[in-house]
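Here the structure comes first, spelled out in structure tokens, and everything after it is commentary.
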Amino acid sequence: MIEDLAERKAQARRVVRQLKKDYHDAECALNFDSPFQLLIATILSAQCTDVRVNIVTKDLFAKYPTAEKMAVAPVKTLEKIIQTTGFFRNKAKNIHAASQALVDDYDGEVPKDLAKLVELPGVGRKTANVVLGTAFGIPSGVVVDTHVGRLTRRLGLTEKADAVKVEEELMEVVPKKEWINFSHRLIHHGRAVCNARKPKCEECHFLKFCPQEGVAS
């Protein structure tokens, strides 16, 4: 990790500039038509690929497109629909309970508030940040998934493994106006170039300033 805070900020600026050049149009990979649907899709994305989630939510949202409809769906039916996303029993319980809470407390609408979102069943900071940033354009924090954590460690922006601690360090060095797009773009870079097991360093535009920490030679 780059120890000097000023140098870490400079490194973050270099990363942000290159991400803008390479992935200017990068967006959230999850399919959704409303903040509610993005919330549910993000809950389902835990330990599951976005591709699989999009396959599952196509049927799920066709039947239960709103919080009101999801809240009255039988949990066993939800389990069957989302089974291939993994941990499906817990996820079904959470999306049902979260939908019921939205109906009971917020008239079926997703609140634009981090503290209120993380009180919903199955919703942590990552999910709340995704919804606030992508659905509402509110930069409440930096979304840290496995790609963001891995790449920011390789780039010397953090050495932490815990997602919350990684987010704290990134919020310190990445300009707030870039928080939303930073994660979207870095995730695309992680999938396209900076793979976990075999990064394509020779093809990477970050090579000139990347310390490649944790990358096997």
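Do the conditions hold for Ile95, that is, is it modelled with pLDDT of 95 or more and surrounded by 22 or more Cβ atoms within 10 Å (Cβ to Cβ)?
Yes, satisfied.
Within the stretch 173-217, restricting attention to residues that are aliphatic (A, V, I, L, M), more than 22 Å from Asp25 (Cα to Cα) and in the same structural domain as His147 (by TED's automatic domain parsing), the residue that is surrounded by the most Cβ atoms within 10 Å (Cβ to Cβ) is Val173. Within the stretch 153-176, residues that are farther than 12 Å from Asn129 by Cβ and modelled with pLDDT of 95 or more have Cβ atoms under 9 Å from residues that are of a type in the set (Gly, Ala, Ser) and surrounded by fewer than 20 Cβ atoms within 10 Å (Cβ to Cβ) in these pairs: Arg153/Ala161; Arg153/Gly214; Arg154/Gly214; Val173/Ala10, counting only partners at least 6 apart in sequence or on another chain.
Determine whether Ala163 is over 26 Å from Asp33 (Cβ atoms) and touching a Lys or Arg at 6+ places or on another chain (Cβ under 9 Å).
yes
Going through (1) surrounded by 15 or more Cβ atoms within 10 Å (Cβ to Cβ); (2) within 23 Å of Leu39 (Cβ to Cβ); (3) among the basic types (Lys, Arg) one by one, Arg150 falls short only on (2).
For the stretch 73-95, give me each residue that is in contact with a Phe, Trp or Tyr (Cβ under 7 Å, 6 or more places away or on another chain) and either touching a residue at least 40 places away in the same chain (Cβ under 8 Å) or assigned to a helix (DSSP H, G or I) (or both). Within the stretch 73-95, Glu79, Ile82 qualify.
Do we find that Val215 is among the hydrophobic types (A, V, I, L, M, F, W, C) and in contact with a His (Cβ under 9 Å, 6 or more places away or on another chain) in this structure? No; evaluated as a whole, the condition is false for this residue. If the condition is being among the small types (Gly, Ala, Ser) and under 17 Å from Thr66 (Cβ atoms), then the stretch 94-128 contributes Ala97, Ala98, Ser99, Ala101, Gly108.
The single condition from (1) closer than 13 Å to Ala135 by Cβ; (2) within 14 Å of the chain's Cα centre (by Cα); (3) of a type in the set (D, E, K, R) that Asp50 fails is (1).
The values are calculated or read from the model by the stated rules, or taken from the named source; none is laboratory data. Since the structure is predicted, the reported quantities are computational estimates derived from the model, not experimental observations. Virtual Cβ from ideal backbone geometry, glycine too; neighbours counted across all protein chains shown.
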